[in-house]
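Read-outs throughout are calculated quantities, based only on the coordinates presented, and are distinct from any laboratory measurement. Predicted model, so just to flag it, every value in this text is computed and none were measured. When we count neighbours, we look across all protein chains shown, and the Cβ atoms used for this are built from the backbone with ideal geometry, even at glycine.
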Number of protein chains: 2
Amino acid sequence: MLVLITYDVNTETAAGRSRLRKVAKQCTNYGQRVQNSVFECNMDAAKCRQVKAILEEIIDKDKDSLRFYYLGDNYKNKVEHIGAKPGFDVTETLFI
Amino acid sequence: MLVLITYDVNTETAAGRSRLRKVAKQCTNYGQRVQNSVFECNMDAAKCRQVKAILEEIIDKDKDSLRFYYLGDNYKNKVEHIGAKPGFDVTETLFI
């Protein structure tokens, strides 16, 4: 299923900027960055619980937030991109 | 239907920062800000075309991006929030 992860991390402090880097780094292990704070992750429920637990450990829940949107398996017509840097289809094999 | 609008606007220049303010301002006319660059808009297809056309006019398509996620009408169990500043339910009446 496609899970969209969006986050806001308060970067007013060095600790906040460190949290932001850690959140982004973890998200890249699970999906494709489509915007600065938006990742699309094609994963099963177990992987989803895993990344959620990892991110919850990193953020400061009083200052930062995470949102998870569950788009299911049939998501191709549910997503539209306009402008710069479109994300590629995470379900398609990449040939280099 | 619930439409999620996410955006990245390049704010390296004053013009970019102006575009960012305009995009955010327009989005507030259509929905609820749930994170810095994430809005949830409960709207019909006509409204959605309208906001899309307005935002497309504002952004620089070489530098900025918009993403629209169509979550349908049955979205309550498709969204999960962790941490600070949860958005309220845009379909519920607000009594003050």
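A few remarks follow.
- Positive-end residue, chain A charge dipole about Cα centroid, Cβ charges, pick of A:Tyr30, A:Leu55, A:Thr11: A:Thr11
- Simple point charges give the picture: +1 on the Cβ of Lys and Arg, -1 on the Cβ of Asp and Glu, and for chain A a dipole about the Cα centre of about 220 debye.
- Note on B:59-72: average number of Cβ atoms from other chains within 10 Å of each residue's Cβ is 6.
- Relative frequency of Cα-Cα separations exceeding 14 Å in the range A:21-71, percent: 50 percent
- With N counted as the residues of the protein assembly as shown, its alpha-carbon radius of gyration over 2.2 N^0.38 Å works out to 1.00.
- Partner aspartates and glutamates for A:Lys76 [C-alpha distance under 14 Å; skip if fewer than 8 residues away on the same chain]: A:Glu40, A:Asp89, A:Glu92
- Shape descriptor for chain A: Rg over Rh equals 0.98 (Cα atoms; Rh from the Kirkwood inverse mean 1/r).
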